[in-house]
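Heads up: the structure comes next, in structure tokens.
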Amino acid sequence: MNKFSLRTISLILIFLVFLAYCSERDQAKNEREALWPPITPYKSDYLKVSELHEIYYELSGDPNGKPVFVLHGGPGAGTSPYYRQFFNPESYLIVLHDQRGAGKSRPSFEIRENTTQHLVEDIERLRKHLKLGKIILFGGSWGSTLALAYGETYPKNVSAMVLRGIFTATKQEIDHFYGGGVRSFFPETFEKLKQVLGQEPSPEVFLKLVQSEDPVEQQKYSKAWTAYEFKLGSLEISDEFIENFVNSKDNADIVFALALIENYYMANGCFFKEGQLLRDAHKIKDIPIVLVNGRYDMICPPLNAYRLHKRLSNSRLIIVEAAGHWMGAPSIEKALLKAMQEFE
């Protein structure tokens, strides 16, 4: 009897150890570290949002899945197939769209009838057009700004947010971007930009220069702006890579769109009252929100995310060590993938 009891106990212990091993294995498996495989949209189309503008959108993943709206950066950057790879295509309906004047939206590079409020209403029009209920918002940098603006306007239509590189569009943040803070870390980059301009950088100066009627001048200042932003955006990026990118004819449209639309928005305070997004954060305090920020993000310092987090009782702040602003940093990708798995 004693031998049988000991044998039974031993088998039970072995079984419990096996269950623990399986649990740990499954947990590790669930914490996805690699992007999902590339997928193609099952639908793409245009939605007319005004007499002047029509926005490009595409749908991927599961038509009956949880809808997630991807809000691209810039403003002016446009979407990319890369964005689709952050979501389980068997769990999510992945909605990508190009904001006014950006990407495939028409007309290209158009800044008339192009404000944050217009972009917010475009998201709402697209949500209704697709006959969707509550949506998850996924955005980084300017995409985080637009997500906050939409959420504070239509909080009942948002089920969750996953935001990266937080930008709340205060004057302090804009001034930091144009040299007030970054010049301490990138003195040679800042001086190079200043020499190209022949004066202190500001969104108003850039906006005027990139709107030059001389195409050569237009390209010169557009390339200077994009090179500056790229240098600030990554912990490790070579000058050679930047030069090749901005000088490639294949990238001419994105280089110009970024310089024009980004500076247009910054010159207008992104069309917010000062401190508006932080002041109205109470409107989204009940929405589950994950905030991801690189510790060494020189464009959107983690202080921005920290200030927002303190105002949102249902938010979780993840400061990613050894990472900057670039979304493609493996540690940033991992944090975003894990956040999206939590909402499946």
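Nothing in this text is a laboratory measurement; each read-out follows from the coordinates by a stated rule. These numbers come from a predicted model, not from an experiment. Cβ placement follows ideal geometry from the backbone for every residue including glycine, while neighbour counts extend to all protein chains displayed.
Some values worked out for this structure:
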| read-out | value |
| --- | --- |
| Degrees, to the nearest 10: 215-233 long Cα axis against longest axis of the chain | 30 |
| Global geometry of the range 172-230, whether rounded, prolate or oblate, following the gyration tensor of its Cα atoms and the 1.5 cut on a/c | prolate |
| Per-residue [θ]222 nm for the chain (sum of -39500 (n - 2.57) over DSSP H runs n ≥ 4, rounded to 500) | -13000 deg cm²/dmol |
| Net lengthening on full extension, ALA34/ARG295 (0.36 nm per residue, minus Cα-Cα) | 91.8 nm |
| Nitroxide proxy distance, nm - points 7 Å out along Cα→Cβ at PHE241 and ASP253 | 2.4 |
| Cα gyration tensor, the range 79-168 - rounded (a/c under 1.5), prolate or oblate | rounded |
| Nearest-ten-degree value, helix 116-129 long axis tilted from longest Cα axis of the chain | 50 |
| Exceeding the 25 Å Cα-Cα cut-off - candidates LYS43/LYS156; LYS134/LYS285; LYS104/LYS223; LYS104/LYS220; LYS104/LYS334; LYS223/LYS338 | LYS43/LYS156; LYS104/LYS334; LYS223/LYS338 |
| Candidates VAL255, VAL216, VAL120, ranked by Gaussian network fluctuation over the chain, Cα under 10 Å, top entry | VAL216 |
| Over the chain, relative contact order from alpha-carbon pairs under 8 Å, at least 6 apart, % | 18 |
| Within the chain: Cβ-based charge dipole about Cα centre, in debye rounded to nearest 20 (Lys, Arg +1; Asp, Glu -1) | 1420 |
| Karplus-derived 3J(HN,Hα), 6.51/-1.76/1.60, for each residue of the range 68-84, Hz, glycine and proline x | 10, 9, 8, 10, 6, x, x, x, x, 6, x, 8, 8, x, 4, 4, 5 |
| Nitroxide proxy distance, nm - points 7 Å out along Cα→Cβ at SER331 and ARG316 | 1.9 |
| Mean separation of Cα contacts under 8 Å, 6 or more apart, over the residue count of the range 174-269: relative contact order % | 32 |
| Inverse mean reciprocal Cα-Cα distance (Kirkwood Rh) of the range 203-250, Å | 11.5 |
| Gyration tensor (alpha-carbon) shape descriptor, the range 174-269, a/c threshold 1.5 | oblate |
| The chain - Rg (one decimal) and Dmax (whole number), Cα, Å | 22.7, 97 |
